[in-house]
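Here the structure comes first, spelled out in structure tokens, and everything after it is commentary.
Since every read-out is calculated from the coordinates, none of them should be taken as a lab result. Everything numeric here is computed off the predicted structure, so don't read it as measured data. Backbone-built Cβ (ideal geometry, glycine too); neighbour counts: all protein chains shown.
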């Protein structure tokens, strides 16, 4: 099976660098709406069997133009949400952003027992994301393609662990709003990373170079761009 893991469009908290990881989360900015509107044309070469989103508003809004264009529903699935920031939720100071990123990197290097400050450890994240993906795979044939609109940190970490990327390669992954990872395989035989598209699917003109996009950037880059604490 082929999974197209698409990150949601831009939100106000992506612009200011806040760790917005709770449900329902922020809506899209005007740029985020434009990014979402560009997805159907960008994915025109894929025969999409189904479109999935998380319980967060931003993923559902991002998935809607594609689903509407293909005559499909947006299926909301628990378990695909962003990695919780725990005690760091909605903070944007460099120390908090750095702690969040350092925890993600530790998981990518195999230290799944390390907890997010005031939040879950890597085992808990991987278990719930694996379960959600497994349920999706069970509904499709081996030749199907499904689009899953999810979140920056969740896509990066799950891809790294599921595709067996080495720690440094995984830590260097970046994914801007409406960037995409393409994975092929299944839970039994394993997953292979077939494509990593770090920029917006609609093209570079839809990227916001001035945003402090902490869940889509590498941990090092995010921590080097401090913004006022929220």
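Antiparallel versus total DSSP beta bridges in the chain: what percent is that, nearest 5?
50
Computed over Cα pairs, the Kirkwood radius of the stretch 31-70 leads via Stokes-Einstein (1.306 mPa s, 10 °C) to a diffusion coefficient of 153 µm² per second. Spin-label model, residue 198/residue 114: points 7 Å from Cα along the beta carbon direction are separated by 2.1 nm. Across the stretch 107-222, Cα pairs under 8 Å and at least six residues apart give a relative contact order of 22 percent. Computed over the alpha-carbon atoms, the chain gives an Rg to Rh ratio of 0.93, Rh here being the Kirkwood radius from the mean inverse distance. Estimated from helices alone, the mean residue ellipticity of the chain at 222 nm is -11000 deg cm²/dmol (sum of -39500 (n - 2.57) over DSSP H runs with n ≥ 4, per residue).
Give the relative contact order (percent, whole number) for the chain; include only Cα pairs under 8 Å separated by 6+ residues. The normalised contact order for the chain reaches 31 percent. The alpha-carbon atoms of the stretch 1-91 define a convex hull whose volume equals 93 cubic angstrom per residue. Packing order of peptides 197-210, 50-63, highest average first: 50-63, 197-210 (average count of other Cβ atoms within 10 Å over each peptide's residues).
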